[in-house]
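Asks: Structure in structure tokens, see below.
The values are calculated or read from the model by the stated rules, or taken from the named source; none is laboratory data. Predicted, not measured: the structure shown is a model, and the values here were computed from it. Cβ placement follows ideal geometry from the backbone for every residue including glycine, while neighbour counts extend to all protein chains displayed.
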């Protein structure tokens, strides 16, 4: 089974990397994204997605990054995305890279690799969504079960692979980590996973030990993936 990141931040890709399962890059690995962007990732061909979400970012993202550029003549309003999304951000944005010819080639390779994977009728593909636990306001995945079922039903129409969806909720424990719990939202297709990490990682003065946190999540998740 191939495990890839569906965002909404780089935490999902980092956990896959910590599991030793990341062998190549996919479009949402190191970017901010959300449910509306993911829907279009499945719907659009690679070039269309690149032009709509990467080369010509949305109006909402322009306003978020630079509030001085509010002249409608300067903004690509054709690609406006509703600000209310099921989870994550209302845009695609990679804070680690600018859009240039090198990055264009990288994104197109990732997008084409993604399309080839989900179009393969022989492939088992697990898509991971993860919280970002060290920032309280980033509670991405408080999604009702019916809503995530509807989201899955939308994206699965555009694939030929056996698509599975895992939502990883990361919580702070009192003093130590606790056993992982899982809920099967849709039999054989969608799971909600909860992992607790020690609250001592979140002291007011000490920095978060991100590597330790990722290793805890990766250890539990890797064992879980062997069961589905």
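Asks: For residue 29, indicate whether it is in contact with a strand residue (DSSP E or B) (Cβ under 8 Å, 6 or more places away or on another chain) and either at positive phi or modelled with pLDDT of 90 or more (or both).
Replies: Details: in contact with a strand residue (DSSP E or B) (Cβ under 8 Å, 6 or more places away or on another chain): yes; either at positive phi or modelled with pLDDT of 90 or more (or both): yes.
Criteria met by residue 29.
Asks: If I filter region 101-110 for residues that are at pLDDT 80 or above, crowded, with 20+ Cβ neighbours inside 10 Å and either in contact with a helix residue (DSSP H, G or I) (Cβ under 6 Å, 6 or more places away or on another chain) or part of a strand (DSSP E or B) (or both), do I get at least one hit?
Replies: Looking through region 101-110, at least one residue is at pLDDT 80 or above, crowded, with 20+ Cβ neighbours inside 10 Å and either in contact with a helix residue (DSSP H, G or I) (Cβ under 6 Å, 6 or more places away or on another chain) or part of a strand (DSSP E or B) (or both).
Asks: Another question, then. Using the structure shown, decide if residue 36 is under 27 Å from residue 124 (Cα atoms), modelled with pLDDT under 90 and out of contact with any helix residue (DSSP H, G or I) (no Cβ under 7 Å at 6 or more places or on another chain).
Replies: Here the answer is yes, as residue 36 does meet what is asked.
Asks: Which is under 27 Å from residue 192 (Cβ atoms) and either part of a loop (DSSP other than H, G, I, E, B) or modelled with pLDDT under 80 (or both), of 135, 60?
Replies: Checking each option against the conditions leaves just 135.
Asks: On to the next question. I'd like to know if region 192-202 contains one or more residues that are touching a strand residue (DSSP E or B) at 6+ places or on another chain (Cβ under 8 Å) and modelled with pLDDT of 90 or more.
Replies: Yes, because at least one residue in region 192-202 is touching a strand residue (DSSP E or B) at 6+ places or on another chain (Cβ under 8 Å) and modelled with pLDDT of 90 or more.
Yes/no matrix, rows are residues, columns are (1) assigned to a loop (DSSP other than H, G, I, E, B); (2) under 30 Å from residue 45 (Cα atoms); (3) at pLDDT below 90:
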position	(1), (2), (3)
142	yes, yes, yes
149	no, yes, no
166	no, yes, no
170	no, no, yes
179	yes, no, yes
183	no, no, yes
207	yes, no, yes
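Asks: When only residues in region 48-60 that are out of contact with any helix residue (DSSP H, G or I) (no Cβ under 7 Å at 6 or more places or on another chain) and in contact (Cβ under 8 Å) with a residue 24 or more places away in the chain count, which is surrounded by the most Cβ atoms within 10 Å (Cβ to Cβ)? Full working, then the answer.
Replies: In the first step, residues of region 48-60 are kept if they are out of contact with any helix residue (DSSP H, G or I) (no Cβ under 7 Å at 6 or more places or on another chain); the result is 48, 51, 55, 57, 60.
Narrowing further to those that are in contact (Cβ under 8 Å) with a residue 24 or more places away in the chain: 55, 57, 60.
Working: 55: 14, 57: 19, 60: 17.
Selected residue: 57.
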